[in-house]
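Novice: One structure coming up, written as structure tokens, with questions to follow.
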Amino acid sequence: MKWLIRALFVLSFNAQGYELYLVRHFEKQADSKNPSLTEQGMARAQSLATLLADKDIQHIFSTDYKRTQQTAQPLSKQLGINITSYSPRDLNGFASQLLNTKQTSLIVGHSNTTPELLALLGGDAKPIAEDQYGELFILIVLLNTVTTQSVRVGNP
């Protein structure tokens, strides 16, 4: 009987709950308007892929900039999921899309867009400084209730 209750709980959570993982791109080079990640940023991107490997990610979203695409790329390659671009200029529409889709996803953004998107999704947002990298925000959405957690990715 206990296994039946557990199975019903898991099925109920899967039908009603999902997680959204939001991260600002990792360390970038300072050599252009559209810079690539540094070696440290690439290492952190690989750490992110390792951290999220077993999280049932169904979608990976990124802006079109090199640094955000490179942050998402190791997980994309590992899971065989294409990276879908989104516009940082329409965060309201993108937030609605994520909330309506109700699927576990990784979203890679920027220091100015990630906090705004967190707030639009119902999470606890805080500013991200220009020199701050490596914080992964986890929004747990269960029965229309959003809980925000965060973890560090890679070495500081």
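Taken together, the values in this text are just the output of simple stated rules run on the coordinates, not laboratory data. Bear in mind the structure is a predicted one, so any value in this text is a computation, not a measurement. Positions of Cβ are generated from backbone atoms using ideal geometry, with glycine treated the same way; all protein chains shown enter the neighbour counts.
Novice: What residue among 49, 119, 30 has the largest mean-square fluctuation in a Gaussian network model of the chain, using Cα springs under 10 Å?
Specialist: Of 49, 119, 30, the Gaussian network model singles out 30 as fluctuating most.
Novice: Counting alpha carbon pairs within less than 8 Å and at least 6 residues apart, what relative contact order, in whole percent, applies to the chain?
Specialist: RCO, the chain: 31 percent.
Novice: List 44, 152 from most exposed to least, where exposure is judged by having the fewest other Cβ atoms within 10 Å.
Specialist: 152, 44
Novice: What are the semi-axes of the equivalent ellipsoid for the range 17-152, taken as the square roots of 5 times the Cα gyration tensor eigenvalues, largest first, in whole Å?
Specialist: Output for the range 17-152: semi-axes of 22, 16, 14 Å.
Novice: Evaluate Rg over Rh across the range 49-129, taking Cα atoms for both radii and Kirkwood's formula for Rh.
Specialist: Radius of gyration over Kirkwood radius for the range 49-129 works out to 0.94.
Novice: Follow-up question, since we're still on this one. Mean residue ellipticity at 222 nm from the helices of the chain, using -39,500 (n - 2.57) per DSSP H segment of n ≥ 4 over the full residue count, to the nearest 500 deg cm²/dmol?
Specialist: Calculated at 222 nm, the ellipticity per residue is -12500 deg cm²/dmol.
Novice: Once phi is turned into ³J(HN,Hα) by the Karplus curve 6.51 cos²θ - 1.76 cosθ + 1.60 with θ = phi - 60°, what whole-Hz value does each residue of the range 140-151 show in order, with x for glycine and proline?
Specialist: 9, 10, 9, 6, 6, 10, 10, 10, 10, 10, 8, 9
Novice: Using per-residue counts of other Cβ atoms within 10 Å, averaged over each peptide, order 57-63, 98-104 from highest down.
Specialist: Result, highest mean first: 57-63, 98-104.
Novice: Using alpha carbons only, how many degrees (0 to 90, rounded to 10) separate the axis of helix 39-52 from the longest principal axis of the chain?
Specialist: Rounded to the nearest ten degrees, it is 10.
Novice: Further question on the same structure: Determine ³J(HN,Hα), in whole Hz, for all residues of the range 116-128 in sequence, where each value follows from phi through the Karplus function 6.51 cos²θ - 1.76 cosθ + 1.60 and θ = phi - 60°; x replaces Gly and Pro.
Specialist: Each residue's phi maps through the Karplus curve to give 5, 5, 4, 5, 4, 7, x, x, 7, 9, 9, x, 10 Hz.
Novice: Still on this structure, I have one more. Please give the helix 66-79 orientation as an angle from the longest Cα principal axis of the chain, in degrees from 0 to 90, rounded to the nearest 10.
Specialist: 40
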